[in-house]
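What follows is one structure encoded as structure tokens, with my remarks underneath.
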Amino acid sequence: MNAQVTLPELQRRMVAIGRFLHGRAWVAGCEGNATALTADGRLLATPGGASLGDVREGDLLLLDRFGRKVQGAGEPFAELPMHLAVYRGRADVGAVVHAHPPVASAFAAAGLPVEARFLAEFVVELGGVVPLVPFALPGSEASAQGLADFLEPFDAVLLTGNGVLAWGPDLSTATRRIEHVEAAAALL
């Protein structure tokens, strides 16, 4: 997890993840978001209403474990309740990333899970299937509650009509899981 990572280093990593997602066109405009636990148990978060490709270290927010802003000039993103639900449901999670990679997002829009048990890496990383979470209005408490049944058995989900949400011990792992989902979806 992020216990040994300094806040400045975690900020650099989060900015790099935002640029990576934007550079791959997996987020457009103000889409996508990321959070990571800091060494002292707070959350570092991308701000709402900002392009992840433009976010800099100074733009990031510090939040308490309930999602209340502790530090930063911007406001938290609307889909924060989903991230908080993941942290509440999985003590082993240190980061959550949400993006809209095009092929996986097409699966989510079509109401189809990504099942690729024939890909060894996908099976090792994600168990061979990424399920579909039923639709809930993004940012609503229902969107967070809808994740409850998917948290323990999975490390990534498709959000009906809303892309991919993945989690892991750190930002790199959560982002890598989104990569695996997109690669499997593209192959299918």
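The values are calculated or read from the model by the stated rules, or taken from the named source; none is laboratory data. Keep in mind that what you see is a predicted model, and the values were worked out from it rather than measured. Neighbour counts are summed over all protein chains in view; Cβ atoms, including those assigned to glycine, are modelled from backbone coordinates with ideal geometry. SASA here: full protein model, heavy atoms, side chains in, ligands and nucleic acids out. Shrake-Rupley method; radii C 1.70, N 1.55, O 1.52, S 1.80 Å.
Remark: pairs (first residue in the range 43-71, of a type in the set (S, T, N, Q); second residue assigned to a loop (DSSP other than H, G, I, E, B); Cβ separation under 7 Å; 6+ apart in sequence or on different chains) = T46/L52; T46/V55; T46/L60; T46/F77; S51/G29; S51/C30. Of all residues in the range 111-139, those being open to solvent by 30 Å² or more (accessible area, probe 1.4 Å) and β-branched (V, I, T) number 2. Only one of the numbered conditions (1) in a helix (DSSP H, G or I); (2) open to solvent by less than 30 Å² (accessible area, probe 1.4 Å); (3) of a type in the set (A, V, I, L, M); (4) closer than 29 Å to G67 by Cα is not met by A142, and that is (2). Checked against the criteria, A108 does not count as touching a helix residue (DSSP H, G or I) at 6+ places or on another chain (Cβ under 6 Å), modelled with pLDDT of 95 or more and buried (at least 22 other Cβ atoms within 10 Å of the Cβ). Within the range 20-42, take every residue that is over 14 Å from H100 (Cα atoms) and either assigned to a helix (DSSP H, G or I) or of a type outside the set (V, I, T) (or both) and give me the one that is most open to solvent (accessible area, probe 1.4 Å). Looking at residues that are over 14 Å from H100 (Cα atoms) and either assigned to a helix (DSSP H, G or I) or of a type outside the set (V, I, T) (or both), I get D40. Here R13 meets each of (1) open to solvent by 30 Å² or more (accessible area, probe 1.4 Å); (2) part of a loop (DSSP other than H, G, I, E, B); (3) in contact (Cβ under 8 Å) with a residue 12 or more places away in the chain; (4) touching a helix residue (DSSP H, G or I) at 6+ places or on another chain (Cβ under 9 Å) with one exception, condition (2).
Matching residues to (1) part of a strand (DSSP E or B); (2) farther than 23 Å from V164 by Cα; (3) modelled with pLDDT of 95 or more; (4) of a type in the set (D, E):
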| position | (1), (2), (3), (4) |
| --- | --- |
| L44 | yes, no, yes, no |
| L52 | no, no, yes, no |
| R65 | no, no, no, no |
| V70 | yes, yes, yes, no |
| G74 | no, yes, no, no |
| H83 | no, no, yes, no |
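Would you pick out the residues in the range 118-137 that are assigned to a loop (DSSP other than H, G, I, E, B) and either in contact with a Phe, Trp or Tyr (Cβ under 8 Å, 6 or more places away or on another chain) or farther than 14 Å from V181 by Cβ (or both)? Result: F118, G127, G128, P131, P134, F135, A136, L137. The C-beta contact set for the range 82-100 (first residue in contact (Cβ under 8 Å) with a residue 24 or more places away in the chain, second residue basic (K, R) and part of a loop (DSSP other than H, G, I, E, B), distance under 8 angstrom, 6+ apart or interchain) comprises L84/R65; Y87/R65. The residue that is nearest to G168 (Cα to Cα), among those in the range 67-119 that are of a type in the set (F, W, Y) and within 16 Å of the chain's Cα centre (by Cα), is Y87. All conditions but one from (1) open to solvent by less than 30 Å² (accessible area, probe 1.4 Å); (2) within 18 Å of G18 (Cβ to Cβ); (3) hydroxyl-bearing (S, T, Y) apply to S172; the one that does not is (1).
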